[in-house]
Amino acid sequence: MSVVTEEYDVVIVGAGHAGCEAALASARLGLQTIMFTVSVDSIALMPCNPNIGGSSKGHLVRELDALGGEMGKNIDKTFIQSRMLNTSKGPAVHSLRAQADKQDYSRAMRKTLENTENLTIRQAEVAELIVEDGKIAGVKTFSKAEYRAKAVVLATGTYLKARCIYGDVCNYTGPNGLQAANHLSDSLVENGIPIRRFKTGTPARVDKRSIDFSKMQEQKGDTPIVPFSFSTDPATVQKEQVSCWLTYTSEETHKIIRDNIDRSPLFSGAIEGTGPRYCPSIEDKVVKFPDKPRHQIFVEPEGNYTNEMYLSGMSSSLPEDVQYAMYRTLPGLENVKIVRNAYAIEYDCINANDIKASLEFKSISGLFAAGQINGSSGYEEAAVQGFMAGVNAARKVQGKEPIILDRSQAYIGVLIDDLVTKENTEPYRMMTSRAEYRLLLRQDNADLRLTAIGHEIGLVSDERYEYVERKKQIIAEEVARIKQIPLGANKRTQEIVERYGSSPLNTGMTLDELIRRPELDYEKLKELDPEYKNLPQDIVDQINIEIKYEGYIVRQQKQVENFKRVERRKLSEDIDYKSISGLRIEAGQKLDKFKPLSIGQASRISGVSPADIAVLLVYLSKEGK
């Protein structure tokens, strides 16, 4: 019997947020790329929350955009509400979040993919890896068709042996009732890749017509709207926005949950997978925080052309009757009608300790993994991994060194470093607190940090690169100029500063010193600046941040210099750690397992102590390394 056989440079398995970015990166770099999906109608699907960005996740999307990814551009085309979060705090934690029209988001991404040169889209279930002499050679589909390739990226999301559960109802499907991928896990195990079981969940979707919004707090979008992509003209995204709404659970809600907790598959043992600590189900919240009288629930539209509303913060796997009972205790939801039940989804994934910082498997050359298969959660975490895996798969085929971002360069670097060096026992979610250098890794300066790397990769145009380099120059020159402008404690200066509620000057100072005051900024003091320039808002924002936070920024830059020194101490993959005298047995085993690329990465492996690092440094000195 003859079978279909085709050849490509790169195969992408999966068309979620990781798969889309991987496929686009590979194809745009000139590699013949094929992307597989169980359904072409599920490309860039949002099976859970209908939004992009949010705390720390907004940083990831901005970084992805600066490198040449697509997610930021796509949400700018399809959002229905946009808000900047954490504005009452410092700029390090400001994060953009946009509510998406989820159908438009999927359609727009599919249109981009279908019109990308070198990219083929194929609806089929990939069932088997083709591995020859420790190298990936392609994949086989369930129909036995062979697709030979030099590199493969696994971006399978939550589809591997997936099952959706609520109460005692269990459907062996992927999210939204889509076909699960039931065969690839066995092939991974056969090729020596261990599998583990994780789970996530999603709330019910309810009918907008059954909600009394007068009992809820309206959450409007920002004006003006800030786009996600640095290449989007802000004028093009100013539009009428759809509101979200805020309501709360109550003691009555919590009593219903507690009275039925034995019927939850999370607590009955029916669900075996480990769930995310930082995105728990409502029953998890009630059990773990018994003293909390209420929890925030955001009611969010799924799009412009549907009455479905998403109950953010209330994911559950409780039975259908309990879902109705508990949802109807919330103000505004007393007569709510459910369109889709809440459910938990359990799926196979790998241990990301089995892959390198390039996202390539240690045991199979040319095989990469990205997104929820690596044990992470979230669209944004998946997208940035997909991009990096797609870039590095393409570079593998081209015989180039991989691109690896470190913890001082990007949130992406923090995310991937945490996945591959730490023993994550639950789905990993990005948070600002995980980034040690977050004052430097702000979302507002992602273009200044990463555009040059995107240009080096080949996914940022010369025009864009030159614009950002010029922007850097303008900011540096303007900050230096402002520092040279002296101001006297005269009547005019006093009048201007007092206009904004600032205390009078007791002595002369420079303009930058005055800008450092919390209530003042570059624009407010333009009357005191004889050479004031009407600069674009993004440049003005950078000038204010550079001046106001200069001391903190300089201190963190020194910390980064120390970090870089340790990261530059490279470690060879062929070191036999178990043979190093003085190294503790546990440390030797961990180092042998992880094969860290540097002393810095070695120091972040759990079970490796500062004393072990000292022994390792002595060993390197003796070996002349």
> Taking the range 1-54, which residues are out of contact with any Gly (no Cβ under 8 Å at 6 or more places or on another chain), among the polar types (S, T, N, Q), modelled with pLDDT of 95 or more and under 25 Å from Tyr411 (Cα atoms)?
Replying inline: Asn51
>> Considering only residues that are touching a Phe, Trp or Tyr at 6+ places or on another chain (Cβ under 7 Å), part of a loop (DSSP other than H, G, I, E, B) and of a type outside the set (A, V, I, L, M), which ones fall in the range 427-466?
In response: Pro427, Arg429
> Any chance the range 590-599 includes a residue that's open to solvent by 60 Å² or more (accessible area, probe 1.4 Å), without any contact (Cβ under 8 Å) to a residue 40 or more places away in the chain and either in the same structural domain as Lys89 (by TED's automatic domain parsing) or closer than 28 Å to Asn424 by Cβ (or both)?
Replying inline: no
>> If a residue must be open to solvent by 30 Å² or more (accessible area, probe 1.4 Å) and among the β-branched types (Val, Ile, Thr), how many such residues does the range 454-477 contain?
In response: 1
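Let's see how each residue does on (1) touching a helix residue (DSSP H, G or I) at 6+ places or on another chain (Cβ under 6 Å); (2) farther than 22 Å from Gly366 by Cβ; (3) not in a strand (DSSP E or B):
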| residue | (1), (2), (3) |
| --- | --- |
| Val11 | no, no, no |
| Ala25 | yes, no, yes |
| Leu31 | yes, no, yes |
| Gly58 | no, yes, yes |
| Gly72 | yes, yes, yes |
>> Please go through (1) assigned to a loop (DSSP other than H, G, I, E, B); (2) among the hydroxyl-bearing types (Ser, Thr, Tyr); (3) modelled with pLDDT of 95 or more; (4) open to solvent by 20 Å² or more (accessible area, probe 1.4 Å) for Thr236 and return the number of the only condition it doesn't satisfy.
In response: (1)
> Considering Asn351, Asn424, which residue is out of contact with any Phe, Trp or Tyr (no Cβ under 9 Å at 6 or more places or on another chain), modelled with pLDDT under 95, over 29 Å from Arg209 (Cα atoms) and open to solvent by 20 Å² or more (accessible area, probe 1.4 Å)?
Replying inline: Asn424
> Which residue pairs have Cβ atoms closer than 8 Å, lie 6 or more positions apart in sequence or on different chains, and pair a first residue in the range 454-481 that is within 14 Å of Gly69 (Cα to Cα) with a second residue that is of a type in the set (Lys, Arg)?
Replying inline: His455/Arg464; Gly458/Arg28; Leu459/Arg28
>> Which of the numbered conditions does Asp462 fail, given that it passes all the others? Conditions: (1) over 17 Å from the mean Cα position of the chain (by Cα); (2) over 24 Å from Gly30 (Cβ atoms); (3) not aromatic (Phe, Trp, Tyr).
In response: (2)
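Would you call Ser358 surrounded by fewer than 22 Cβ atoms within 10 Å (Cβ to Cβ) and within 21 Å of the chain's Cα centre (by Cα)?
Here the answer is yes, as Ser358 does meet what is asked.
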> Restricting attention to the range 323-365, which residues are assigned to a strand (DSSP E or B), touching a Leu at 6+ places or on another chain (Cβ under 9 Å) and charged (D, E, K, R)?
Replying inline: Asp348, Glu360
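The values are calculated or read from the model by the stated rules, or taken from the named source; none is laboratory data. In this text, all values refer to a predicted model and were calculated from it rather than measured experimentally. Because the Cβ atoms are built from the backbone with ideal geometry, glycine has one as well, and the counts that use them run over all protein chains shown. The area values use the complete protein model at the heavy-atom level, side chains included, leaving out ligands, DNA and RNA. Shrake-Rupley method; radii C 1.70, N 1.55, O 1.52, S 1.80 Å.
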